[in-house]
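Okay, so here's the structure we're looking at.
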Amino acid sequence: MDSLAVNKGLAAILVAGIVYSLSGLIAEALVHPQELKESAIKIEGVPAATESAPAKQEGPAPIAPLMASASAERGKDDAQKLCAVCHSFGEGEPAKIGPNLYGILGDKRAHMAGFNYSDGLKALGGTWDYEGLNHWLYDPRSLVPGTRMAFAGIKNDAERADVIAYLRSLAKNPEPLPAVEPAAAKAAEAPAAAGAPGAGGPSFTALVAASDPAAGKADVGKLCAVCHSFEKGEPAKIGPNLYGIVGAPRAHMAGFNYSDGLKALGGTWNEDELNAWLTNPRAVVSGTRMAFPGIKSEKERAAVVAYLRSISPDAPAAPAKP
Ligand code: HEC
Ligand code: HEC
């Protein structure tokens with residue numbers, strides 16, 4: 001009796017699975033032929049800016065400072081041109097080739113029930129925060145190599161921010177904008193302005209060059225060593241080992257359990273990005289695992305980065321001082 005019950009249970013699960021896969025296939029068969037023709041045409045017509053992918057390795061610029069000047073209005077126009085062939089945006093609207101995107105900011109990955117997502121996107125887990133969407137819209141394939149979203153990405157930072165501002169507006173209570181440190185915003189907008197000593201000399205990099213790594217080492221001993229190790233080859237603690245971090249890729253330590261947000265950030269750690277991170281990690285990656293409020297003094301941050309630089313033999317040379 002017992003094993004019969006078990007068999008029935010297994011059979012039920014199997015049938016449910018088959019019905020689920022079939023419904024996906026049927027839905028695709030129903031939706032694809034018409035939509036695909038249209039999408040192929042429209043995508044060819046997409047402005048060149050979205051097609052060119054000059055610096056694939058670089059990754060997108062951090063989104064938080066860009067959101068301040070982004071426009072949901074412009075983003076809506078862009079989304080009509082770039083996304084509407086595959087996505088619907090109104091609350092409760094059915095999927096097209098891609099899922100409905102109402103309320104996507106702050107919602108979980110693969111959020112639409114019954115939509116036939118790729119395994120890769122389902123496996124990603126977590127929620128869509130600003131940085132996650134930034135990375136996805138910059139180059140979906142670099143976030144999920146096997147994604148079904150056949151879209152080259154938006155390489156233009158302002159345009160990507162506009163689209164994210166539009167996605168943010170698709171909610172009854174839009175998510176708060178990401179917090180931005182004034183220094184990071186200035187760096188993003190006008191690196192040469194902001195009272196930098198010489199033309200084009202980013203002031204933080206210059207501060208780092210003028211800072212004493214030994215002072216930074218003392219700060220790090222107080223502020224970071226509880227969570228991080230700094231010697232070459234040392235194991236992780238609560239946070240990853242930081243030997244060689246300047247010039248290293250984001251989420252650089254193999255096997256460390258990084259947050260999705262930090263992994264999604266992409267790119268490498270340079271002085272300015274470490275400056276933003278150490279000012280307020282949460283403004284860079286809202287879902288970060290680094291429970292650290294940030295260092296408010298720019299001088300202290302510069303000393304810490306000078307120390308990190310001193311333990312990063314492969315760091316790119318500092319830009320020449322003016
Ligand atoms: C050619 C069709 C196509 C275009 C164009 C397209 N998408 Fe997609 N999109 C998809 C598909 C298909 C998926 C599901 C991806 C998967 O399962 O890997 C998807 C997934 C997504 C997701 C994740 C949704 C979730 O539930 O996790 C977001 C966000 C998204 N797209 C935003 C956009 C935006 C914004 C644009 C325009 C800038 C865009 N897409 C352009 C087809 C497209
Ligand atoms: C309470 C523990 C904690 C403290 C204190 C802390 N960190 Fe972290 N740190 C982490 C964790 C955890 C991560 C991984 C973050 C993630 O996955 O989002 C991390 C990540 C980092 C990264 C990114 C590493 C990479 O591989 O991309 C850097 C750089 C960093 N921390 C520097 C510092 C510095 C410098 C200090 C001191 C000023 C500090 N952290 C203080 C826990 C901490």
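The values are calculated or read from the model by the stated rules, or taken from the named source; none is laboratory data. Because the structure is a prediction, the values reported are computed rather than measured. FYI the Cβ positions are ideal-geometry reconstructions off the backbone, even for glycines, and counts take in every protein chain you see.
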| Number of the condition not met by residue 309 [criteria: (1) at pLDDT 90 or above; (2) of a type in the set (D, E, K, R); (3) within 16 Å of residue 203 (Cα to Cα)] | (3)
| task | Enumerate the helices (runs of 4 or more DSSP H) found wholly within the range 252-322, keeping only those where 1 or more residues are closer than 19 Å to residue 221 by Cα and β-branched (Val, Ile, Thr). | result | 271-279, 298-310
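If you check residue 236 against the conditions, is it closer than 30 Å to residue 123 by Cβ, near ligand 2 (Cβ under 10 Å from one of its atoms) and of a type in the set (Gly, Ala, Ser)? Give the steps one after another, and end with the answer.
On the way: closer than 30 Å to residue 123 by Cβ: yes; near ligand 2 (Cβ under 10 Å from one of its atoms): yes; of a type in the set (Gly, Ala, Ser): yes.
Answer is yes for this residue.
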| said: Can you find a residue that is touching a helix residue (DSSP H, G or I) at 6+ places or on another chain (Cβ under 8 Å) and among the hydroxyl-bearing types (Ser, Thr, Tyr) anywhere in the range 259-272? | reply: no
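Counting only residues that are away from ligand 2 (no atom under 16 Å from the Cβ) and closer than 18 Å to residue 65 by Cα, how many does the range 129-153 have?
Going residue by residue through the range 129-153, those that are away from ligand 2 (no atom under 16 Å from the Cβ) are 133, 136-142, 144-153.
Adding the requirement that they be closer than 18 Å to residue 65 by Cα leaves 133, 136-138.
Total meeting the criteria: 4.
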| request: Look at the range 67-81 and say how many of its residues are of a type outside the set (S, T, N, Q) and either farther than 10 Å from residue 164 by Cα or without any contact (Cβ under 8 Å) to a residue 24 or more places away in the chain (or both). | output: 6
| said: Cβ contacts < 6 Å: first residue more than 15 Å from residue 169 (Cβ to Cβ), restricted to the range 83-102; second residue assigned to a loop (DSSP other than H, G, I, E, B) and of a type in the set (Val, Ile, Thr), any location; separation 6+ or different chain. Result? | reply: 86/97
| request: Mind listing just one residue for me: the one in the range 126-144 that is more than 7 Å from ligand 1 (Cβ to nearest atom) and in contact with a strand residue (DSSP E or B) (Cβ under 8 Å, 6 or more places away or on another chain) and, of those, farthest from residue 160 (Cα to Cα)? | output: 126
